[in-house]
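The values are calculated or read from the model by the stated rules, or taken from the named source; none is laboratory data. Every value quoted in this text rests on a predicted model; they were computed, and no experiment measured them. Methodologically, a virtual Cβ is constructed for each residue, glycine included, from the backbone with ideal geometry; neighbour enumeration extends over all protein chains shown. Accessible surface is based on the protein model in full, side chains and every heavy atom, while ligands, DNA and RNA are left aside. Shrake-Rupley method; radii C 1.70, N 1.55, O 1.52, S 1.80 Å.
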Amino acid sequence: MDLNTIYNEMLAESLPQIGENKLSLDHIVDDETDNRRGLTLLIRPNAVVKKNIAEMLQEFATIEPNQYCYPISDMHITVMSIVTCYAGFNIEKVSKGDYIKVVEESLGNIGKFKIAMKGLTTAQSGVLVKGFPTGFNLEKLRNNLRENFAKSHLENSLDGRYKIQTAHSTTMRFKKPLQNIKGFLKLFEKYKEFDFGTFEIGEYELVFNDWYQRQQNTIEIKRITQK
C-alpha cells in the first residue's frame with residue numbers, strides 16, 4: 001500500500017471524529033512522574049522544515065492553546081521504535097554497544113535519500129505532518145533492523161504496536177477537547193497540502209527516550225553520520 005493511501009485512510013477515519021470532538025485524549029502528557037522509556041532510531045528534519053512546522057503550530061496554538069504542540073527541539077521522524085516505551089525501562093541495564101552494532105550493521109547498505117514533508121493527516125490523538133521518502137531505502141533499513149534484531153539476543157519490541165510504514169512526524173497531541181472546532185478545521189484545511197520542505201538524511205540518532213521524545217528526557221546513545 002502506498003503512503004498516500006495510508007495517509008488518506010487515516011484522515012478519512014479520524015477527521016470526521018475530530019469534527020465531532022470525539023478525540024483520543026492524552027491525559028498523561030503533562031505528568032512529570034511518567035517513567036515510560038524506550039529505545040528509538042530516529043531522524044530529524046532540517047532547520048527549514050522544523051521552522052515551517054513550528055510556524056504552523058503557532059497558529060494552531062492560537063486557536064487551540066490547550067493542546068500539546070511539539071517544540072522544535074523534539075521534532076523527529078521515527079525510523080524504528082526498537083524498544084517501545086514502558087514503565088521502568090532502564091538504560092543502565094542496556095548493552096549500548098550491542099545495540100549500536102546492530103543498528104550500524106543495518107545501515108551498512110543504505111544509501112542516502114530524501115524525505116519530502118508535505119501536507120497533514122490526522123489521528124484521533126493528534127495532527128501529523130506527512131513524510132514521503134524517495135526510493136526504498138527507508139523501507140530497506142526497517143527490514144534490515146527487523147531481520148538483524150530478530151537474530152540478536154537483545155530486548156526489542158519492533159512492530160510491537162503496529163508495523164511502521166509511514167514517515168510522518170507527529171506535531172500535535174490532543175490533551176483537551178477542542179474549544180474551536182470550526183477554527184481548527186479551517187486551519188487544518190489551510191495546511192492540508194502545504195509543502196513544509198524536503199531534506200536529505202544526513203545522520204541517524206539512536207536514543208534512550210520518553211514517550212514524547214522530549215529533549216530533557218532524551219539520552220543520545222549514538223549519532224551515526226550517513227556516508
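Quick notes on this structure:
- Only listed residue being open to solvent by 70 Å² or more (accessible area, probe 1.4 Å) and closer than 25 Å to V83 by Cβ, chosen from K176, K182, K227, K151: K151
Quick grid of which residues meet (1) among the charged types (D, E, K, R); (2) modelled with pLDDT of 95 or more; (3) within 22 Å of the chain's Cα centre (by Cα):
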residue	(1), (2), (3)
R173	yes, yes, yes
K176	yes, yes, yes
Q179	no, yes, no
K182	yes, yes, no
K192	yes, yes, yes
G197	no, yes, yes
Y204	no, yes, yes
V207	no, yes, yes
Q213	no, yes, yes
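- Helices (runs of 4 or more DSSP H) enclosed by the range 96-196 - at least 1 residues per element that are touching a residue at least 24 places away in the same chain (Cβ under 8 Å) and of a type in the set (S, T, N, Q): 96-107, 137-151
- Filter result (open to solvent by 20 Å² or more (accessible area, probe 1.4 Å) and closer than 20 Å to T166 by Cβ) within the range 49-67: K50, N52
- For F136, the criteria (1) open to solvent by 10 Å² or more (accessible area, probe 1.4 Å); (2) touching a strand residue (DSSP E or B) at 6+ places or on another chain (Cβ under 8 Å); (3) of a type in the set (F, W, Y) hold in every case but one, which is (2).
- Candidate set: the range 6-32, residues that are under 13 Å from K175 (Cβ atoms) and not charged (D, E, K, R); chosen: the one most open to solvent (accessible area, probe 1.4 Å): H27
- Residue list for the range 154-170, filter: modelled with pLDDT of 80 or more and closer than 22 Å to D2 by Cβ: K163, I164, Q165, T166, A167, H168, S169, T170
- Of all the residues in the range 50-90, those that are touching a Lys or Arg at 6+ places or on another chain (Cβ under 7 Å) and either assigned to a helix (DSSP H, G or I) or within 23 Å of E193 (Cβ to Cβ) (or both) number 5.
- Filter pass, T78 being surrounded by 15 or more Cβ atoms within 10 Å (Cβ to Cβ), of a type in the set (S, T, N, Q) and either more than 19 Å from L57 (Cβ to Cβ) or without any contact (Cβ under 8 Å) to a residue 24 or more places away in the chain (or both): no
- Restricting the range 92-109 to residues that are open to solvent by 10 Å² or more (accessible area, probe 1.4 Å) and of a type in the set (A, V, I, L, M), the residue that is farthest from H153 (Cα to Cα): L107
- Residue check for R142: of a type in the set (D, E, K, R) and touching an Asp or Glu at 6+ places or on another chain (Cβ under 7 Å): no
- Matching residues, the range 14-49, being in a helix (DSSP H, G or I) and touching a residue at least 12 places away in the same chain (Cβ under 8 Å): S14, L15, Q17, I18, G19, V48, V49
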